Amino acid sequence: NITDSIQIAATVLDDVAVENVTITLDLPNATSQTFNLTPVGSNKFNISYTIPLIPGGYNITFSANDTSNNINGTETTNFTVIDSTPPTVAYVIPMNNSIFNVTDPIEIAVNVTDQVNVTYVAANITYPNTTSNLVELTNITPNRIKFNTTFTLPNVIGDYNITFLVNDSSNNLNNTQLTNFTVID
């Protein structure tokens, strides 16, 4: 998973002495990083690596040389990183148990954060007569985590419920945040 800390290790044997073990790590975004592995025993070399916020396939190329400058051919392996954490949803508008007049324009908003990328935010508004209206929220405010829209209340009095529907680029969903309000005449 993104942000996990993993151990990258190799067992390297030589008839005299291993001088250096390196890895080249190719990331899914077409960049690469090179690291020297640290000896942690007679034949084991490793490094602790914190996975960045980049899901996808990673390739590791290991190479080693000994004190006589003999260079090993390379060994490769790979692993896949996923994003399994749903977006976080907080600070909803309207506040729970708010009261409005019919035909008033109101703001519907929510703050959404994600480790990678938020791709969709909507509000499913359930009217007192149990019909519903799905309204997409956008992020056009200077606040980069606030998604909102203006909604004009229909001429229907009673209790309304809103469920916020949030999706990230890894298709993790968060549909747990709710609020309700009342419309009076």
Selection within the range 158-178 - at pLDDT 95 or above, of a type outside the set (G, A, S) and within 25 Å of N101 (Cα to Cα): D159, Y160, N161, I162, T163, F164
Given the criteria aliphatic (A, V, I, L, M), part of a strand (DSSP E or B) and either farther than 25 Å from N172 by Cβ or out of contact with any helix residue (DSSP H, G or I) (no Cβ under 9 Å at 6 or more places or on another chain) (or both), does A9 qualify? yes
Please go through the range 152-164 and pick out each residue that is surrounded by 13 or more Cβ atoms within 10 Å (Cβ to Cβ), under 13 Å from I108 (Cβ atoms) and not aromatic (F, W, Y). L153, N161, I162, T163
Condition first: over 15 Å from S5 (Cα atoms), open to solvent by 70 Å² or more (accessible area, probe 1.4 Å) and not in a loop (DSSP other than H, G, I, E, B). Now tell me which residues in the range 33-54 satisfy that. T34, N36, T38, P39, K44
Within the range 60-109, which residues are of a type outside the set (S, T, N, Q), in contact with a Ser or Thr (Cβ under 9 Å, 6 or more places away or on another chain), assigned to a strand (DSSP E or B) and exposed (fewer than 15 other Cβ atoms within 10 Å of the Cβ)? I71, E75, A90, I99, P105, E107
Residues satisfying the stated conditions in the range 122-136, i.e. open to solvent by 40 Å² or more (accessible area, probe 1.4 Å) and part of a strand (DSSP E or B): N124, T126, S132, N133, L134, E136
Using the structure shown, decide if T119 is among the polar types (S, T, N, Q), under 25 Å from G56 (Cα atoms), open to solvent by 40 Å² or more (accessible area, probe 1.4 Å) and in contact (Cβ under 8 Å) with a residue 40 or more places away in the chain. yes
Among the residues listed as T176, T149, the single one being among the β-branched types (V, I, T), touching a residue at least 40 places away in the same chain (Cβ under 8 Å) and open to solvent by 40 Å² or more (accessible area, probe 1.4 Å): T176
Would you say N139 is modelled with pLDDT of 95 or more and either farther than 22 Å from I54 by Cα or open to solvent by less than 80 Å² (accessible area, probe 1.4 Å) (or both)? no
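The values are calculated or read from the model by the stated rules, or taken from the named source; none is laboratory data. Remember, it's a predicted structure, so these values are computed and weren't measured experimentally. Cβ coordinates were reconstructed from backbone atoms using ideal geometry, including for glycine residues, and neighbour counts include every protein chain displayed. Each accessible area value is taken on the protein alone, full model and side chains, heavy atoms only, with ligands, DNA and RNA left out. Shrake-Rupley method; radii C 1.70, N 1.55, O 1.52, S 1.80 Å.
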